[in-house]
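The values are calculated or read from the model by the stated rules, or taken from the named source; none is laboratory data. Everything quoted here is computed from the prediction, not taken from an experiment. So basically every Cβ, Gly included, is an ideal-geometry build from the backbone, and we count neighbours across all protein chains shown.
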Amino acid sequence: MPDKNEQVNAPRHNIEFVGYSDQGGRGDGVQIMVQNGYAYVGHMFSGGFTVLDVRDPRAPTPVNFVAAPPHTWSLHIQAHENLLLVVNGVDIYDASLNIAKGDYYSQPFADTFGQQERAFAAGLRVFDISQPTQPREIGFMPVQGFGLHRLWYVGGRYAYASALLDGYTDAIFMVIDMADPTHPQEVGRWWIPGMWRAGGESPTWEAGRRYALHHAIIAGDTAYGSWRDGGLTLLNISDPAHPQLIAHRNWCPPFGGGTHTSLPLPDRQLVIVADEAIADHCADQVKYTWVVDVRTPSNPVTIATFPTPTEADYCAKGGHFGPHNLHENRPGSFQSSDLIFATYQNAGLRVVDIRNQFQPREVGYYVPPAPARMYDPRPESAQVIQTCDVYVDRNGLIYATDYNAGLYVLEYTG
C-alpha cells in the first residue's frame, strides 16, 4: 500500500486526499459505480469485480469479489437501482493469447485476436444488487463474437453497449432491451460503413487506424459515440431498432485519434470529447480533450481544448500521459455542466472549469504517488500511476480508480 504521507502530500491543487483502498489486493481498478454507500469496481487484470463499503469514505472496505469466467474481462459495469450490468469479453491481457501490447490499438480487433481458442464468456451479465454485498446473477445475454466492451444504462427500457461481434472488424453500437432483466435481448445495432466485413464492406480509412466504438453516452434520443480513431458520431435512437446517423466528425488524422468518451451537456448544447492516450512516452502524440458545439446537431464544431498539464514532464515519466475518461454525469451522481472531472493517466485526476466554453481553465488536480506494487503483468509496463476512471457522488466526493494503484477517494475544495 502507498505511504499515507505520500498520499496526503501528493502534488495537488484544490483537491484533498480522503481515503484509499487496494480493493482487497486487487488494485487494478477500471470502471467504478457508487450508490447507496457501496462501490462496484471492474478490474483490468483480476478477472471480475469488487464490492466495497464506502459509507465511511475515509476507509473504503472490500466486502466481496465476484470472479468472471476464465479468460474473461469484466472491466466495465453499470449500476442503477437494484441492477448491476457487467460486460463479459475476451481478456486481451491473458498471457495465453499472446497479444502484443501495441497491437490492440493499431489494427482491427478481429485481426488482433486471430485464431486463438475461444475459451471465454462473451456477452452481458445482469446481477441483482438489492443486497449490496451479495450480487446475485439473474440474467445473461450471450453474443457471438469477442464480447462487450463498455455499457451505458441509467434505468428504463434500454441499455447501450459496444459489442465485438463476429463478422465485424471491431466494436459496434448495440441497443439492448432490458424490459426483462433476466433475459436481455438485442434490438438494434449501428456501425460505421466499412466495418461489416461479412457483408462485403471494406474500410475506407488508412491501415493502422482502429475504428471501434468505445462506448456511447445517451441524452434524450441521441447517442454520442466515441469511435477511437473513427472520431465522434451523433445517432438518432428514437427508434431503438434502427439507429440513424445525424453527424460524424473525425479529427484523426492529423490528430492522434483514440476517441474514448463523449460527454453530452444538453443544457449547454456542448459535448466534451476525450481522446485516450494509448502509447508510452506520448508516442501516439499528446492527446486532447475537446469542447464541441452541437447547437446544430448535424454540424458539430470543435471550439476549444482542455489545457494540457505542464507542471511536470509527463511524457518522460513513463506509461501513458493524457486523457482517459470523464465523470459521466449519471443520474444520482454529481452533475455539472460547468465542472468536468477527467482522468489523465500518469498525470492523475484533473478538474476543469468550462463556464467559458471557449477558454477551459484547470482549477484542480491530484497526482497520486507511484504504486507500491504493480498489478499490470506486462513486463514492458512502467511502475507509474495510470489513473483510469472517475465517479463523483452527489456529495462531491471523487472516486478515482487506477489499474496500477488502487482506489483513491478525494474531495474538490475549489
Open item on the list: For a quick check of your reading of the model, give me the residue pairs whose first member lies in region 251-267 and is under 25 Å from Leu339 (Cβ atoms), whose second is buried (at least 22 other Cβ atoms within 10 Å of the Cβ) and basic (Lys, Arg), with beta-carbon atoms closer than 7 Å and at least 6 apart or on different chains.
Closed with: Gly258/Arg228; Gly258/Lys287; Thr259/Arg228
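Do we have any residue at all in region 121-137 that's surrounded by fewer than 16 Cβ atoms within 10 Å (Cβ to Cβ) and β-branched (Val, Ile, Thr)?
yes
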TODO: Name, by its number, the condition in (1) assigned to a loop (DSSP other than H, G, I, E, B); (2) out of contact with any Phe, Trp or Tyr (no Cβ under 7 Å at 6 or more places or on another chain); (3) closer than 22 Å to Arg150 by Cβ that does not hold for His214.
DONE: (1)
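Do you know which residues across region 189-211 are part of a loop (DSSP other than H, G, I, E, B) and among the aliphatic types (A, V, I, L, M)?
Our first condition is that a residue be part of a loop (DSSP other than H, G, I, E, B); within region 189-211, this holds for 191-196, 200-210.
The answer is Ile192, Met195, Ala207.
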Task: Residue satisfying all of: in region 143-154; within 19 Å of the chain's Cα centre (by Cα) and surrounded by fewer than 24 Cβ atoms within 10 Å (Cβ to Cβ); farthest from Gly89 (Cα to Cα) among these - done: Val154
Task: Evaluation of Pro297 against (1) surrounded by 15 or more Cβ atoms within 10 Å (Cβ to Cβ); (2) touching a Ser or Thr at 6+ places or on another chain (Cβ under 9 Å); (3) part of a loop (DSSP other than H, G, I, E, B) (one fails), failing number - done: (1)
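Identify all residues within region 6-33 that are touching a Pro at 6+ places or on another chain (Cβ under 6 Å), of a type in the set (A, V, I, L, M) and not in a strand (DSSP E or B); write none if there are none.
Once the filter is applied, which keeps residues that are touching a Pro at 6+ places or on another chain (Cβ under 6 Å), of a type in the set (A, V, I, L, M) and not in a strand (DSSP E or B), region 6-33 yields only Ala10.
Part of a loop (DSSP other than H, G, I, E, B), surrounded by fewer than 24 Cβ atoms within 10 Å (Cβ to Cβ) and either at pLDDT 95 or above or under 16 Å from the mean Cα position of the chain (by Cα) (or both), is that true of Glu328? Give the steps one after another, and end with the answer.
Working: part of a loop (DSSP other than H, G, I, E, B): yes; surrounded by fewer than 24 Cβ atoms within 10 Å (Cβ to Cβ): yes; either at pLDDT 95 or above or under 16 Å from the mean Cα position of the chain (by Cα) (or both): yes.
Spelling it out, Glu328 is indeed part of a loop (DSSP other than H, G, I, E, B), surrounded by fewer than 24 Cβ atoms within 10 Å (Cβ to Cβ) and either at pLDDT 95 or above or under 16 Å from the mean Cα position of the chain (by Cα) (or both).
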Open item on the list: Which of the numbered conditions does Arg55 fail, given that it passes all the others? Conditions: (1) closer than 23 Å to Gly396 by Cβ; (2) within 17 Å of the chain's Cα centre (by Cα).
Closed with: (2)
- [ ] Among the residues of region 263-290, write down those that are within 16 Å of His324 (Cα to Cα) and assigned to a loop (DSSP other than H, G, I, E, B).
- [x] Glu276, Ala277, Ile278, Ala279, Ala283, Asp284, Gln285, Val286, Lys287, Tyr288
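Only one of Ile237, Ile246, Ile272, Ile278 is hydrophobic (A, V, I, L, M, F, W, C) and touching a helix residue (DSSP H, G or I) at 6+ places or on another chain (Cβ under 8 Å). Can you tell me which? Let's see the steps before the verdict.
Working: Ile237 fails: touching a helix residue (DSSP H, G or I) at 6+ places or on another chain (Cβ under 8 Å); Ile246 fails: touching a helix residue (DSSP H, G or I) at 6+ places or on another chain (Cβ under 8 Å); Ile272 fails: touching a helix residue (DSSP H, G or I) at 6+ places or on another chain (Cβ under 8 Å).
Result of the check over Ile237, Ile246, Ile272, Ile278: Ile278.
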Open item on the list: Looking at region 6-17, I want the residues that are touching a residue at least 60 places away in the same chain (Cβ under 8 Å) and have a partner that is among the basic types (Lys, Arg) and surrounded by 15 or more Cβ atoms within 10 Å (Cβ to Cβ) with Cβ atoms under 7 Å, at least 6 apart or on another chain. Which pairs are those?
Closed with: none
Open item on the list: Checking the conditions here, which among Phe120, Phe140 is out of contact with any helix residue (DSSP H, G or I) (no Cβ under 7 Å at 6 or more places or on another chain) and either closer than 27 Å to Thr259 by Cβ or at pLDDT below 95 (or both)?
Closed with: Phe120
- [ ] Have a look at Leu164, Leu148, Leu124 and point out the one that is of a type in the set (A, V, I, L, M), in contact with an Asp or Glu (Cβ under 9 Å, 6 or more places away or on another chain), under 17 Å from His214 (Cα atoms) and outside any helix (DSSP H, G or I).
- [x] Leu164
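This table checks each residue for (1) touching a helix residue (DSSP H, G or I) at 6+ places or on another chain (Cβ under 8 Å); (2) under 19 Å from Leu410 (Cβ atoms); (3) aliphatic (A, V, I, L, M); (4) in contact (Cβ under 8 Å) with a residue 24 or more places away in the chain.
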| position | (1), (2), (3), (4) |
| --- | --- |
| Val34 | no, yes, yes, yes |
| Asn64 | no, no, no, yes |
| Ala67 | no, no, yes, no |
| Val90 | yes, no, yes, yes |
| Asp103 | yes, no, no, no |
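Within region 247-259, track down each residue that is outside any loop (DSSP other than H, G, I, E, B) and crowded, with 23+ Cβ neighbours inside 10 Å. Talk me through it step by step, then tell me what you get.
If we filter region 247-259 for residues that are outside any loop (DSSP other than H, G, I, E, B), which is where we start, we get 247-249, 259.
Answer for region 247-259, where residues must be outside any loop (DSSP other than H, G, I, E, B) and crowded, with 23+ Cβ neighbours inside 10 Å: just Thr259.
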